[in-house]
1. Inside the stretch 147-177, can you point out the residues that are over 20 Å from the mean Cα position of the chain (by Cα) and at pLDDT 95 or above?
2. If residue 44 satisfies all but one of (1) at pLDDT 50 or above; (2) in contact with a helix residue (DSSP H, G or I) (Cβ under 8 Å, 6 or more places away or on another chain), what's the number of the condition it fails?
3. Sort out which residues of the stretch 66-96 are closer than 20 Å to residue 237 by Cβ and either in contact with a strand residue (DSSP E or B) (Cβ under 7 Å, 6 or more places away or on another chain) or touching a residue at least 40 places away in the same chain (Cβ under 8 Å) (or both), and write them in order of number.
4. Using the structure shown, decide if residue 282 is free of Cβ contacts under 8 Å to residues at least 12 places away in the same chain, surrounded by 14 or more Cβ atoms within 10 Å (Cβ to Cβ) and more than 18 Å from the chain's Cα centre (by Cα).
5. Every residue in the stretch 103-117 that is in contact (Cβ under 8 Å) with a residue 12 or more places away in the chain and surrounded by fewer than 16 Cβ atoms within 10 Å (Cβ to Cβ), please.
6. For the structure I just gave you, tell me whether residue 91 is more than 16 Å from the ligand (Cβ to nearest atom) and either modelled with pLDDT of 95 or more or touching a helix residue (DSSP H, G or I) at 6+ places or on another chain (Cβ under 9 Å) (or both).
7. Which ones in the stretch 63-100 are farther than 15 Å from residue 112 by Cβ and surrounded by fewer than 20 Cβ atoms within 10 Å (Cβ to Cβ)?
8. Counting only residues that are away from the ligand (no atom under 16 Å from the Cβ) and without any contact (Cβ under 8 Å) to a residue 40 or more places away in the chain, give me the strands (runs of 3 or more DSSP E) lying completely in the stretch 118-186 with at least 3 of them.
Ligand SMILES: C[S@@+](CC[C@H](N)C(=O)[O-])C[C@H]1O[C@@H](n2cnc3c(N)ncnc32)[C@H](O)[C@@H]1O
């Protein structure tokens, strides 16, 4: 998984999406004794990805980049396990607190075997319910246009928290005006309210769409009923981002009350059979956020072909919310060649049935309608 995104290459070494992201993987070290590839990776994470998100991770990553002994240990892990976010989340999972680098280093020394075990067992699978805020207007529009309730399939669903857009609250801030939407009948405080700054002619709905069926696919579905999986989701959130941890806890509680159907396996292998299980009297929407960076070009092509088939056979809609670098076509061309790349840097592009609809904040914090 790519440690990357915004502005990353969408490599398979970390996690896609700014915020989940982190640290576009650097090129190998120059011959002649320059900083090693792993050191560059941590330095990049500490100086480019982390600042603005986490001072603590910035300091720890730069510390690691300059710590030859620690780099030697990290280099003993398989390549895709050396990514900064995975290693830092493993330490947090084990209890590492915000602290200066020397204290963090002492923590690592005391817990190295466990850190290694977690790194080797886990992957970066940040599940961000906040992304529902950028998907909701499109979902509501699809339901309104079809005049039917929705059946949702999320591919690359992690724990499936984005499968509950109808159970969360929303506060869209358009500058002068705010639009607030809340789930009918739910007690205030029992659901997260997802704040989102909007610009452009966003078709904000008057009410939440009805979802009658929801399912996800993930290579390794996380289980909201498993305390270890929930603790791992918390550990993946950057140390200083308490508001995201609170949002996660509320979303997890909603999912725990009605655990989503999650199929384990590759999205290309599992999607056709899962789509066949969706109720035929609902409009099927297949969506994904921060997932395509994990697929190679051939797998993305296969997925596009499946979506084209589902559109014809099932009238299925497709919402893609991904970093811009991962929407490069098999022939090398971009989906939106006319769009200035700098406009997308650090953000996601939302496509509906392959057509660009909006530029979105990677954690759902903003929605710029095109
Ligand atoms: C960064 S997480 C994003 C989770 C969720 N979409 C969200 O926005 O919160 C990416 C997820 O995609 C899953 N994934 C990656 N490649 C996959 C594949 N080929 N098939 C199914 N799931 C995959 C990973 O296991 C991980 O849980």
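The values are calculated or read from the model by the stated rules, or taken from the named source; none is laboratory data. Everything numeric here is computed off the predicted structure, so don't read it as measured data. Cβ: placed from backbone, ideal geometry, glycine included. Neighbour counts: every protein chain shown.
1. Within the stretch 147-177, 147, 148, 149, 150, 151, 171, 172, 173 qualify.
2. (2) is the only condition that residue 44 fails.
3. 83, 84, 85, 86, 89, 90, 92, 93
4. Answer is no for this residue.
5. Answer for the stretch 103-117, where residues must be in contact (Cβ under 8 Å) with a residue 12 or more places away in the chain and surrounded by fewer than 16 Cβ atoms within 10 Å (Cβ to Cβ): 112, 114.
6. Answer is yes for this residue.
7. 63, 66, 68, 78, 79, 80, 97, 98, 99, 100
8. Numbers: elements: 150-155, 169-173, 178-181.
Hits in the stretch 118-186: 169-173, 178-181.
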